[in-house]
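Heads up: the structure comes next, in structure tokens.
The values are calculated or read from the model by the stated rules, or taken from the named source; none is laboratory data. Everything quoted here is computed from the prediction, not taken from an experiment. Methodologically, a virtual Cβ is constructed for each residue, glycine included, from the backbone with ideal geometry; neighbour enumeration extends over all protein chains shown.
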Amino acid sequence: MFCIDMVWPNWDLSPNGRIHWKAKIDLAKEAKFEGRLVAMSQFPDPPQIPKRDILLYVVAHPPNKETDSDNLLAALKYYIDGVALHFGFDDKLIRMPIVDWGEIEKPGRCMLYFLPGEAILEVRALMRRFIDGKV
């Protein structure tokens, strides 16, 4: 459907971020605004997104070393909320986020691929074949 070239998220937004809760709320608001601005700059006239499941595929290019996927997704959450706001879909439609790790890049970035729900069916079918020992 579409791809957003997103900035590397503020790591204080991850569960391992050790900042005061009030400061984290302010950072979350800034991240949501920044996510929307990035989406607006790359898609000034966004396409209509069908109201169905969306697969989120993230290719992360960390600024220094690889981190864990769950912290990355948590830190990206507010940026993704801003993208969803710009495109007019509910972020609850995002299913099965998948993270791949790219090369280290300064200052870091994340390629966010929002794919149609049909892609989820293909991933699930592949997982079932793997579990059944057919892959």
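Do you know which of the residues in segment 109-135 that are of a type outside the set (A, V, I, L, M, F, W, C) and within 14 Å of the chain's Cα centre (by Cα) is farthest from HIS61 (Cα to Cα)? Before you say what the answer is, go through the steps one by one.
Filtering segment 109-135 down to residues of a type outside the set (A, V, I, L, M, F, W, C) leaves 109, 113, 116-118, 122, 124, 128-129, 132-134.
Going one step further and asking which of them are within 14 Å of the chain's Cα centre (by Cα), we end up with 109, 113.
Working: ARG109: 5, TYR113: 14 Å.
Checking each candidate, the answer is TYR113.
Only residues that are modelled with pLDDT of 90 or more, hydrophobic (A, V, I, L, M, F, W, C) and surrounded by fewer than 17 Cβ atoms within 10 Å (Cβ to Cβ) were counted in segment 20-42, giving 5. Every test in (1) farther than 14 Å from TRP11 by Cα; (2) over 15 Å from the mean Cα position of the chain (by Cα) is passed by PHE89 save one, and that test is (2). If you go through segment 74-88 one residue at a time, do you hit one that is under 22 Å from ILE120 (Cβ atoms), at pLDDT below 95, touching a Phe, Trp or Tyr at 6+ places or on another chain (Cβ under 6 Å) and not acidic (Asp, Glu)? No, every residue in segment 74-88 fails to be under 22 Å from ILE120 (Cβ atoms), at pLDDT below 95, touching a Phe, Trp or Tyr at 6+ places or on another chain (Cβ under 6 Å) and not acidic (Asp, Glu). Please determine whether any residue of segment 15-22 is under 20 Å from VAL99 (Cα atoms) and charged (D, E, K, R). Looking through segment 15-22, none of the residues is under 20 Å from VAL99 (Cα atoms) and charged (D, E, K, R). Checked against the criteria, ALA23 counts as farther than 13 Å from MET6 by Cβ and either of a type in the set (Ser, Thr, Tyr) or over 11 Å from the mean Cα position of the chain (by Cα) (or both).
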